[in-house]
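Step one of this worksheet: look at the structure below.
Throughout, read-outs are computed from the coordinates displayed, never taken from laboratory work. Not measured: the values here are computed from a predicted model. Don't worry about glycine lacking a Cβ; one is built from the backbone with ideal geometry, like all the others, and counts go over all protein chains shown.
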Amino acid sequence: MHPGQLLFAGFQGTEVPEDLAALVRRGRVGGVVLFARNLRDPEQVRRLVAELHGAAPAGTPLCVAIDQEGGRVQRLHPPHWRNMPPARVYGLLYETDPAMAKKAAFAGSRLIAQELRDCGVTVDCTPVLDVPEKGAHEIIGDRAFSTDPEVIIALSRAVMDGCLAGAVLPVIKHVPGHGRAKADSHLTLPRIDAPTAELEAVDFRPFQALRDAPLAMTAHVLLPAFDGKRPSSTSPVIIGKVIRDFMGLTGLLMSDDIGMKALGGPFAERARAVIAAGCDVALHCSGEFAEMVEVAGAVPPLEGLAGERFARALTFFHAPQPFDEAEAMAFVTEAAGTRVA
């Protein structure tokens, strides 16, 4: 592994900036995150992703990630890619037909994985394991499967399995839980005042059940029950005692975007804080190159436990398993209750 690979970064435009390519070639970036601003059509995306993979140093795989959940959060859009339903659709079906809901969630994830692999994308930041509370901010909303942790566990497992069957690594999020937040962490730091017992029984339960996930992403939330001063992404207490010890997560842990306003201070300081707290990777999404250089200069080499977790995550890759695309689409369409484009 090369120095600086504790950084996953975004960029601007539909071509790979030479400045970013140079950082990748030097081993300063371990992963690249794609957004709608980077994507035009399948041919352009394949060319873009191939160039990114080609810039990685020999023997050092580059993760190319995207948020393709379905519903409000999908970076690949019609007419070139399918419009998939949000997670809540599967949760509603689960209320009447749990078996069919799990089949549909797996099928939807498998179809998304097929589209991602066709473009060379290897990581999908899904499923959402947050348990929404009545009155919480709608930043999670229908991205959550249900308000019942057990339903979330069943359907998240189906989505995770669908990703892996399609040779795409899933990222469970947003640990330790964003569902109770009354604010959007993109704009401010949410404070969650639930007691320890309630958090452990509800919010933490889905993450604990999917602790074997290869990758996980943090939430920028304040949990005074455990740490009243530091957001979870920068809290050694929450990452060490809650996420690693209580929940038992074994996979690579990446921060949510350190550019979100829930965090403060210079970007180098933010990057050092999430790594010092126990995150394996700092995620920087804005594509602002000066910020990216600052972060790349602040994060250490991907080695030690972080390097071991990265290497273990890569062992989840295998050839895509065969599936019946028409049957999968039928399951998703039934779950949505309407035709899926």
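Since only Val123, Leu6, Gly71 are under comparison, the one whose Cα sits farthest along the positive direction of the charge dipole of the chain, derived from C-beta charges on Lys, Arg, Asp and Glu, is Leu6.
Which residues make up the longest stretch of the chain clear of GluC sites (Glu not before Pro) that lie in a DSSP loop with no more than 11 other Cβ atoms within 10 Å, not counting the sites? It works out to 139-341. As a calculated quantity, the FRET efficiency between Ala290 and Asn83 at R0 = 45 Å, using C-beta atoms, amounts to about 0.80.
Which log10 I(q)/I(0) values does segment 32-111 give at q = 0.15 Å⁻¹ under the Debye formula, counting every alpha carbon as one identical point scatterer? Ignoring solvent entirely, the Cα scatterers give -0.66. Computed from the C-beta positions of Glu303 and Glu51, the FRET efficiency with R₀ = 35 Å rounds to 0.85.
The trypsin sites (Lys or Arg not before Pro) of segment 209-316 meeting both criteria, a DSSP state outside H, G, I, E and B (loop) and at most 11 other C-beta atoms within 10 angstrom of the site's C-beta, are Lys229. Each label was represented as a point 7 Å from its Cα along the Cα-to-Cβ direction; for Arg26 and Asp212 these points are 4.1 nm apart. Each of Ala36 and Ala268 was given a label point 7 Å from its Cα along the Cα-to-Cβ line. The distance between the two points is 3.5 nm. Comparing Ile239, Ile66, Ile139 in a Gaussian network model of the chain, where Cα atoms under 10 Å apart are tied by springs, the biggest mean-square fluctuation is seen for Ile139. Return the inverse of the average 1/r over all pairs of distinct C-alpha atoms in the chain, which is the Kirkwood hydrodynamic radius, in Å to one decimal. That comes to 19.8 Å for the chain. Averaging Cα coordinates gives a centre for segment 80-104 and one for segment 273-341; these two points are 22 Å apart.
Measuring between their Cα centroids, segment 150-205 and segment 236-269 lie 14 Å from each other. Comparing Arg82, Arg110, Arg37 in a Gaussian network model of the chain where C-alpha atoms under 10 Å apart are linked, the largest mean-square fluctuation is found at Arg37. Give the Rg/Rh ratio for segment 154-217, taking Rg as the radius of gyration of the Cα atoms and Rh as the Kirkwood radius, to two decimals. Rg/Rh for segment 154-217 comes to 1.03. Nearest 0.05, what FRET efficiency do Ala197 and Glu138 give at R0 = 25 Å with Cβ-Cβ as r? For Ala197 and Glu138, the calculated efficiency is 0.40.
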